[in-house]
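Notes follow the structure.
The values are calculated or read from the model by the stated rules, or taken from the named source; none is laboratory data. The shown structure was predicted, so the numbers you read here are calculated from the model rather than taken from an experiment. Every residue, glycine among them, receives a Cβ derived from its backbone with ideal geometry; neighbour counts consider all protein chains shown.
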Amino acid sequence: MILVLQLAVAGLATGSVYALIAIGVVLIYKCSGVVNFAQGAYAMVGAYVSYVLLSAGLPPILGVIFSMAVLAALGTLTERLVLRPMLKAQLVAVMMVTLGLLIVSRAACLIIWGPDQIAFPKVFPEGSISAAGIFITYNYIAAGILALVLSLGFLAFYQFTPIGLQQRCAADNTRAALAIGIHVSNQVSLAWAMSAALAGLAGTLLATLNGLSLDLAGIGMIAFPVIVVGGLSSLVGALIAGLLLGVLQSFTDGLLTPALEDFLRAHTSIYSVGALQQVVPYALLVAMLLLRPQGLFGRRGTERV
């Protein structure tokens, strides 16, 4: 029972970071209809920018805030210089451009910082706490709580502030938004800025947990099962599905994989099933597409003829 609780806490910490990335993907999709494959690139670049700032001696809070500001500017530039000229292009072409941005960003980070994993500077205090027999490091506690609080804070901002209202109006009905004086293109730029900043923060948090490497770019791909499970246009769904996926991965790694390997070793010549937890997101994705394509919190599309 203690092991289950410990795995659940660790899974919630990781899942809250997944949710932070997925919320950014959903935000861009709601405003522009584009599925952004470059979200993992923003997470990776944000982690490297934070690494540079923290290594230069900047306090952790300022370093992370400046990193998010840099990523917000990068997201705005991406929308203004790369995607806005493609307004009349086919949606598939725009999505392929975001995939190209991911590849280019990864190559640039490879050239600058190399392929090796880097020890990330300490952001949170070292040590761990024990409660009811559960041991968990301060890193996981702080990263999980920070990601969860910021996710909930962003959802509240999007729901209850004037800027959030303009964002929702621009996302729901572009013509109506233009008719009442909302500058839709500025709202799209703002959505890209906020999405990139959230991804940059998520990348920094993951780097504090697992170290800094180019593999962070792949975290964006985990966001897609999350948003499909939660509902492609649901920010709340992205949050809940991110937490769910984090817990499922944790249980798979800590319970299912050891039990399966013990069974296989006892009855076959197979000794390892590999990183089974990495398969879980995509197995969940396939199951959701088969059983409920609109996601847990999505709605079926309707068309009047």
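General observations
- Among the residues of segment 158-192, those that are polar (S, T, N, Q) and either part of a helix (DSSP H, G or I) or surrounded by 21 or more Cβ atoms within 10 Å (Cβ to Cβ) (or both) comprise 159, 166, 167, 174, 185, 186, 187, 189.
- Odd one out for residue 41, checked against (1) touching a Leu at 6+ places or on another chain (Cβ under 6 Å); (2) over 21 Å from residue 188 (Cα atoms): (2)
- Any pair with Cβ under 8 angstrom, 6 or more apart, that starts in segment 196-212 at a residue that is among the hydroxyl-bearing types (Ser, Thr, Tyr) and ends at one that is surrounded by fewer than 24 Cβ atoms within 10 Å (Cβ to Cβ) and at pLDDT 90 or above: 204/64
- Residues of segment 230-256 that turn out to be over 15 Å from residue 11 (Cα atoms) and either at pLDDT below 85 or not β-branched (Val, Ile, Thr) (or both), as a count: 8
- Segments classed as helices (runs of 4 or more DSSP H), wholly inside segment 193-275, with at least 2 members that are surrounded by 19 or more Cβ atoms within 10 Å (Cβ to Cβ): 219-230, 235-251
- Residue in segment 177-191 that is under 16 Å from the mean Cα position of the chain (by Cα) and in contact (Cβ under 8 Å) with a residue 12 or more places away in the chain present: yes
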